[in-house]
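Only one structure is covered here, and it is reproduced in the block below.
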Amino acid sequence: MARHLILASLAMALALPAPAQAERVRDLGAFQGVRSNQLTGYGVVVGLDGTGDDSLAYVTEAMRGVSGRVGVQLPAGVNPSLKNAAAVMVTADLPPFAKPGQRIDVTVSAIGKAKSLRGGSLILSPLYGADGQIYAMAQGNLAVGGLGISGADGSKLTVNVPTVGRIADGASVERSVPTGFESGETLRWNLFTADFLTAARVRDAVNARFPGAAQVEDGVTLALRLPQEANARASVMAAIEMLDVTPAETPARVVINSRTGTVVINSAVRLSPAAISHGKLTVRIDESPEVIQPAPFSRGQTAQQEDSKLSAEEGGKKVALFRPGASLAKVVDALNLLGTSPSDLVAILEALKQAGALKAEMVVI
């Protein structure tokens, strides 16, 4: 008897929803201004083995500019063959607190008809921020993971993407970006996802450690009163980031990928009382024509007699009944019982939403 009670208690425990797990504050949001910044630039890759852009106009102009900087003037009206050079876009992320002289990685991507950047070198190129200022200078040899080859008969073989390369530590930071860390009495902290309950819980956790330090401004932002001195401020920020907070349960949501048929239902989805009957009507027509021969020595003609057989079959005759507050597990089990495919599942969920039985937001991507 005791054994049965233990098994029943275990089954009930497994059926209950798992409590939300505590997460670190640093995993829920970030301090305002302490973020990376995108950099972009235009450059030329040289040293290619005949896989470049081949006299592309903007490559020619770029080469004229590059050669002019080193004191070589190309004759006017001469467009050299540039199959060993390619015009590229250079992109990089400038991390927070990056200082002049530090190195960052850059990604180099062809923008013309270059077949491959393998074996090429990027000529010194400035990288600009959104404000139009130069924040880094990039140069170096590319590491390309792709490979592209072609034969004389026009056949081609491409492995991965040979027109994109990367230069590790390929750019030198020339200008730092102010973050606001060292100025101002108040520093703001922003949630990655807006939620008033989570913001309130973070505020309570911060005030429990540093009384009166945090105040909620809205569903995303907390205003933190931190020490002015940089060393003390950094210590407080580090302590705040490591606080454990239990975030609010995510809203009930069903995400449907219309291209792949993928359907994701989170654990917060619940159903009101509803019954579902989903089936398919299959109609089958079999044609069996029969050739009829006339009797010997008669004046009849060979003819074809049609013979059609029609049948109709209705599948999916089961009905699934959902009790009030049915959970995700019950929904999945019932839909599997009906034998629904991904496309059928989408139709059922849309119908439940229209009937008011599905208490969730539907997102189609």
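Pairs linking a residue in region 350-364 that is touching a residue at least 12 places away in the same chain (Cβ under 8 Å) to a residue that is charged (D, E, K, R), with Cβ atoms under 7 Å and 6 or more positions apart or on different chains, are K359/R270; A360/R253; E361/R253; M362/K353; V363/R253. Within region 214-269, being of a type in the set (S, T, Y) and either within 19 Å of F192 (Cβ to Cβ) or at pLDDT 85 or above (or both) holds for T221, S235, T246, T250.
To keep it simple, each residue is scored yes or no on (1) charged (D, E, K, R); (2) assigned to a loop (DSSP other than H, G, I, E, B); (3) within 22 Å of G33 (Cβ to Cβ).
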{"residue": "D218", "(1), (2), (3)": "yes, yes, yes"}
{"residue": "L224", "(1), (2), (3)": "no, no, yes"}
{"residue": "Q228", "(1), (2), (3)": "no, yes, yes"}
{"residue": "N231", "(1), (2), (3)": "no, no, yes"}
{"residue": "A234", "(1), (2), (3)": "no, no, yes"}
{"residue": "A248", "(1), (2), (3)": "no, yes, no"}
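Could you please find all residues in region 99-119 being of a type in the set (S, T, N, Q) and at pLDDT 90 or above? Of everything in region 99-119, those that are of a type in the set (S, T, N, Q) and at pLDDT 90 or above turn out to be Q102, T107, S109. Considering each residue of region 79-98 in turn, none proves to be part of a loop (DSSP other than H, G, I, E, B), surrounded by fewer than 17 Cβ atoms within 10 Å (Cβ to Cβ), in contact with a strand residue (DSSP E or B) (Cβ under 6 Å, 6 or more places away or on another chain) and modelled with pLDDT of 85 or more. L39 meets each of the listed conditions (1) modelled with pLDDT of 85 or more; (2) closer than 25 Å to I123 by Cβ; (3) of a type in the set (A, V, I, L, M, F, W, C); (4) in a loop (DSSP other than H, G, I, E, B) apart from (4).
Scan region 116-143 for residues that are outside any strand (DSSP E or B), under 28 Å from the mean Cα position of the chain (by Cα) and surrounded by 22 or more Cβ atoms within 10 Å (Cβ to Cβ) and jot them down. S116, L117, L142 - these are the residues of region 116-143 that are outside any strand (DSSP E or B), under 28 Å from the mean Cα position of the chain (by Cα) and surrounded by 22 or more Cβ atoms within 10 Å (Cβ to Cβ). Assessment of region 188-198 against the conditions (small (G, A, S), within 25 Å of E23 (Cβ to Cβ) and assigned to a helix (DSSP H, G or I)) yields no matching residue.
The values are calculated or read from the model by the stated rules, or taken from the named source; none is laboratory data. A quick note: this is a predicted structure, and the numbers were derived from the prediction, not measured. Because the Cβ atoms are built from the backbone with ideal geometry, glycine has one as well, and the counts that use them run over all protein chains shown.
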